[in-house]
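We did not get these values from a lab; they are worked out from the coordinates using the rules stated. Remember, it's a predicted structure, so these values are computed and weren't measured experimentally. Cβ coordinates were reconstructed from backbone atoms using ideal geometry, including for glycine residues, and neighbour counts include every protein chain displayed.
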Amino acid sequence: MDQTLLGLSATDLTPRAREVLMTLMAEVEALRRDLERSHQRISELEKLADSDTLSPIANRRAFVRELTR
């Protein structure tokens, strides 16, 4: 039974095309991981920007944003 890669059978792909597709798929996966880490970091930074540095309460920025919501 033929294995498939992105819907193409192994017989439809040259070795070079298979190598390029595998490289691209690995790059896409790495970019997805980077994007997820970036989203997590943005979330952390937003929390820091919304809290007072000396006390565990929301600062003016967070208060104004909540009022506009």
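What ³J(HN,Hα) values, in whole Hz, does the Karplus curve 6.51 cos²θ - 1.76 cosθ + 1.60 give for segment 15-22 when θ = phi - 60°, with x put for Gly and Pro?
For segment 15-22, the Karplus-derived couplings read x, 5, 5, 4, 4, 5, 4, 5 Hz, x marking Gly and Pro.
Taking R0 as 30 Å, what FRET efficiency do you get between T4 and R41 from their Cβ-Cβ distance, rounded to the nearest 0.05? Intermediate results must be reported in sequence, preceding the final value.
Working: r = 36 Å, r/R0 = 1.21.
After rounding, the FRET efficiency stands at 0.25.
What shape does the chain take by its C-alpha gyration tensor, where a ≥ b ≥ c are the square roots of the eigenvalues and a/c under 1.5 counts as rounded, a/b above b/c as prolate, and the rest as oblate?
On the way: a/c = 6.35, a/b = 4.28, b/c = 1.48.
It is prolate, given that a/c is not under 1.5 and a/b is the larger ratio.
Based on DSSP H runs of at least 4 residues, each adding -39500 (n - 2.57), what is the mean residue ellipticity at 222 nm of the chain after dividing by all its residues, to the nearest 500 deg cm²/dmol?
Values: 2 runs with 45 residues, N = 69.
That comes out to -23000 deg cm²/dmol.
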